[in-house]
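Participant: Submitted below is the structure of interest, expressed as structure tokens.
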Amino acid sequence: MARGHTFVATRANTEPRWMRIVLTVIALGFLAAFLVVPLAAVLVEALRKGWATYLAALVEPDALAAIKLTLLVAGIAVPFNLVFGTAAAWAIAKFEFRGKQLLITLIDLPFSVSPVVAGLVYVLVFGQQGWLGPWLRDHDIKILFAVPGLVLATVFVTFPFVARELISLMQAQGNDEEEAALTLGASGLRTFWHVTLPNIKWALLTGVILCNARAMGEFGAVSVVSGHIRGQTNTMPLHVEILYNEYQFAAAFAVASLLALLALVTLVLKAVVEWLEERGVAAAERAKKVADSSESAARTPVPADARAGQALAVA
Amino acid sequence: MSIQIRHVSKQFGSFRALNDLSLDIETGELIALLGPSGCGKTTLLRIIAGLDTPDTGKVLVQGEDTSGLAVQKRNVGFVFQHYALFRHMTVFDNVAFGLRVRPRSERSPEKEIRGRVNRLLELVQIDWMSDRYPEQLSGGQRQRVALARALAVEPRILLLDEPFGALDAKVRKDLRRWLRRLHDELNVTSVFVTHDQEEALEVADRVVVVNAGRIEQIGSPDEVYAHPANAFVYGFLGAANRFDGHVSGGVFHGPGLRHPLPGMAHDQTSRAIAFARPHDLEVERPIPGGAGVSAQLVRRYTRGANVVLELSHDGADAPIEVELKRAEADRMQLEPGQTLLVRPSSLRVFPQ
């Protein structure tokens, strides 16, 4: 009977066959035209003059410097946002305080502001003519056109990734487990380490992966504060632009292919993380069904008197 | 451990959760905090645990003020409504948690911890699933794990927040009985919060009826049920039919009702609310000059061995509910649509 109902519902809710094919073709066509073909083009262009040229473009000193700088900037910005994002999500999800809504809005700000504006803000603050410019010059501190400026700009644009990934999850999970840990005598730090962190680890990992991809790939904000000094303040995206403007297409595409590769690795990692998470949930749900159906058998109480001896031993 | 709650008030924004509430709980008692949702009972429980702090007033445990004491130092076992098990830990690790997080100087060796956790799991009858994760357990099993986890740290006080609220009726009944036995064995001072009067009356030594941040009545289950202190308690403890009217000359006058009140001063005149339980009402076919509320039978249905009649009458929005023996209902050939006279065999009157 139930089977029959399912069958009817499926028929009623499904488009005709030709419609499904047309829709699928359109979707896949768009995907190919706008994602797969450009990505393939990057690789093809990069290898147009052969492997030797490709490798030469990557080990060229300026390219190596750009790769190192990109890794360094991401290596600083990502951990910073990992800590900040977790702390902000923790505060927002677990506590009630004034200005909470403002904080949530502020975290989203980098998504809505053009990265160029973000870069200009730092120029305005730290530049020669900026608010802190003279003071910085007097104390011989370089922020703009140096690593600190690149890190600041990158931190700004990657602000929301970890926090956003965690906030909704932590809000959904609530405070109960943390409170339980406290009543059991765990300190705040222990509670975070043993109770909160394991519950958010997958979301945290996803956030870090996305944050890292954006940190390495960021162009606009970094471009404004970098100064484009070859071999010193050029990150990979900036290096690609310079090579391209100098008509060194093969070299430009070679470095760009690294960035494209990073994107693919990121997607694969994200998919793997989500798959692992899904698998855990699915396994738990299957087991839960078994537990529910066996509850009637499981709950048959053993006479408490028979347990009295053990109870006293425990107490 | 005895608990003394002294003039505790707590406000959330403009909402007054607790209003100058005082309560004494004796060592080894099992107390039920009973009240409608939003009455402040859970807030009180959280204040005893130290998860919330009162705005004014204090909580003493064994005569000692706990005001400055952190949650971790209070040594209370808290069982949450939705269990709050650590979802990434096995049943065993959940129960062992409280023992393992102790400072190194107070911590037992791992071998002792294992033994103790195993004994607890046997006590709550889930030792055979100690390797499972909370998601793999049914609601009743999770609740037992939560209880074992709370008991593991040898709490001075056991606090339970709606412990059986999220379980289905049959499991709830089993666990209720089981909790009562467990309490009798362990003898730890326990306070549990519930909105289910049946649960409170069945399990507790004493019932504290809470409403709008205040205590309405404290007493044994028999006392609060048989001698409710006021209209709220009567209405909350079980099904009740309400009649609005007034008292004068020692008699309650309601819609079609005249009910003498022995012990009521004759010169007192005031508005009053009268209550009768469904089984304290009788029905009969209307006879000329017969006393009682004239009402129309709308529906009849089965409640266990008895039959419940739902009657509508002018002057009241809520239907009157009458419970009587099935044989009697059959003998009177009661059918929906008939007009009947309803008369209380006993009536509780609360002058306003």
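Computed from the coordinates by the stated procedures, all read-outs in this text should not be read as laboratory data. Since we're looking at a predicted model, the values are computed, not measured. In this analysis, Cβ positions are derived from the backbone assuming ideal geometry, glycine residues included, and neighbour counts consider all displayed protein chains.
Participant: Relative to the longest principal axis of the C-alpha atoms of chain A, give the angle of the C-alpha long axis of helix A:304-314, reported between 0 and 90° and rounded to the nearest 10°.
Facilitator: So the inclination is approximately 50 degrees.
Participant: If packing is taken as the average number of other Cβ atoms within 10 Å across a peptide's residues, how do A:116-128, A:48-60 rank, most packed first?
Facilitator: A:116-128, A:48-60
Participant: Average partner chain C-beta neighbours within 10 Å, per residue of A:172-182?
Facilitator: 6
Participant: Could you pull out the trypsin sites (Lys or Arg not before Pro) across the range A:96-153 that fall in loop regions by DSSP (anything but H, G, I, E, B) with no more than 13 other Cβ atoms inside 10 Å? Please report the intermediate quantities before stating the final value.
Facilitator: Working: sites: A:Arg98, A:Lys100, A:Arg137, A:Lys142; in loops: A:Arg98, A:Lys142.
Passing both the DSSP loop test and the Cβ count: A:Arg98, A:Lys142.
Participant: Averaging over all projection directions, find the projected area of the Cα convex hull of the range B:113-204 and quote it in nm² with one decimal place.
Facilitator: That works out to 5.9 nm².
Participant: Given 0.36 nm per residue, what is the gain on full extension from A:Ile104 to A:Ala271 after removing their alpha carbon distance, in nm?
Facilitator: Here the segment from A:Ile104 to A:Ala271 would lengthen by 57.4 nm.
Participant: Okay, next question. In terms of Cα to Cα distance under 16 Å, which aspartates and glutamates are near enough to B:Lys173, apart from those fewer than 8 places away along the same chain?
Facilitator: Straight-distance partners of B:Lys173: A:Glu295, B:Glu162, B:Asp196, B:Glu198, B:Glu199, B:Glu202.
Participant: Scaled to the compact-protein estimate 2.2 N^0.38 Å, what is the alpha-carbon radius of gyration of chain B, rounded to two decimal places?
Facilitator: Cα Rg divided by the expected 2.2 N^0.38 Å: 1.22.
Participant: Further question on the same structure: Work through the residues other than A:Ile242 whose Cβ is under 13 Å from its Cβ and net out their charges, Lys, Arg +1 and Asp, Glu -1.
Facilitator: -3
Participant: Please get the size of the charge dipole for chain B, origin at its Cα centre, with Cβ charges of +1 on Lys and Arg and -1 on Asp and Glu, quoted in debye to the nearest 20.
Facilitator: It comes to approximately 860 debye.
Participant: Among A:Phe145, A:Phe111, A:Phe84, which comes first, second and so on when ranked by fewest other beta-carbon atoms within 10 Å?
Facilitator: Ascending number of Cβ neighbours within 10 Å: A:Phe111, A:Phe84, A:Phe145.
Participant: Right, something else. Quick one: putting +1 on the C-beta of Lys and Arg, -1 on the C-beta of Asp and Glu, what dipole do you get for chain A around its Cα centre, in Debye to the nearest 20?
Facilitator: It comes to approximately 620 debye.
Participant: Ranked from highest to lowest mean number of other Cβ atoms within 10 Å per residue, what is the order of the peptides B:109-116, B:208-215?
Facilitator: Going by the mean number of other Cβ atoms within 10 Å, highest first, we get B:208-215, B:109-116.
Participant: Can you give the angle from 0 to 90° between the axis of helix A:100-112 and the longest principal axis of chain A, with both taken from C-alpha atoms, to the nearest 10?
Facilitator: 40 degrees
Participant: Say we join alpha carbon atoms closer than 10 Å with springs in a Gaussian network model of chain B; which of B:Gly250, B:Gly77, B:Gly35 then has the biggest fluctuation?
Facilitator: Highest fluctuation of the listed residues: B:Gly250.
Participant: A further question follows. What residue among A:Gly188, A:Trp90, A:Ile26 has its Cα farthest toward the positive end of the dipole of chain A, where the charges are +1 on Lys, Arg and -1 on Asp, Glu, each on the Cβ?
Facilitator: Value: A:Ile26.
Participant: Still on this model: Taking chain A as the reference, fit the longest principal axis to its C-alpha atoms, fit the long axis of helix A:115-126 to the helix C-alpha atoms, and give the angle between the two in degrees, 0 to 90, nearest 10.
Facilitator: Roughly 70 degrees, rounded to the nearest 10.
Participant: Sticking with this one: Give the average, rounded to an integer, of partner chain Cβ atoms located within 10 angstrom of each Cβ in B:110-117. Each step should come with its number before you reach the end.
Facilitator: Working: counts 0, 0, 0, 0, 0, 2, 2, 1.
Per-residue shielding by partner chains comes out at 1.
Participant: Give me the one-decimal nm value for the distance between modelled label points at A:Ala283 and A:Val59, 7 Å along each residue's Cα-to-Cβ direction.
Facilitator: 4.4 nm
Participant: Something else about it: Give me the inter-chain shielding for B:63-76: mean count of other chain Cβ atoms within 10 Å, whole number please.
Facilitator: Numbers: counts 0, 0, 0, 0, 0, 0, 0, 4, 7, 10, 1, 3, 3, 2.
Per residue, the number of nearby Cβ atoms from other chains is 2 on average.
Participant: Give, rounded to the nearest 20 debye, the magnitude of the charge dipole that the range A:112-204 has about its Cα centre when Lys and Arg contribute +1 at Cβ and Asp and Glu contribute -1 at Cβ.
Facilitator: 340 debye
Participant: Hey, if you put +1 on the Cβ of every Lys and Arg and -1 on every Asp and Glu Cβ in chain B, which of B:Val283, B:Phe80, B:Gln197 ends up farthest toward the positive end of that dipole?
Facilitator: Result: B:Phe80.
Participant: Based on DSSP loop calls and a cut-off of at most 14 other Cβ atoms within 10 Å, the longest stretch of chain A free of exposed GluC sites (Glu not before Pro) is what?
Facilitator: On the way: sites that count: A:Glu96, A:Glu246.
Excluding the exposed sites themselves, the longest stretch runs over A:97-245.
Participant: Quick one: what are the phi-derived ³J(HN,Hα) couplings along the range B:52-58, Karplus 6.51/-1.76/1.60 with θ = phi - 60°, whole Hz, x for glycine and proline?
Facilitator: Those phi angles translate into 10, 10, x, 5, 9, x, 8 Hz.
Participant: Run the helix sum for the protein assembly as shown: -39,500 (n - 2.57) per DSSP H stretch of 4+ residues, divided by residue count, reported at 222 nm to the nearest 500 deg cm²/dmol.
Facilitator: -16000 deg cm²/dmol
Participant: What's the whole-number percent of alpha carbon pairs in the protein assembly as shown lying beyond 37 angstrom? If you can, show how the numbers build up before the last one.
Facilitator: Values: 131966 of 222111 pairs.
Every Cα pair in the protein assembly as shown considered, those over 37 Å come to 59 percent.
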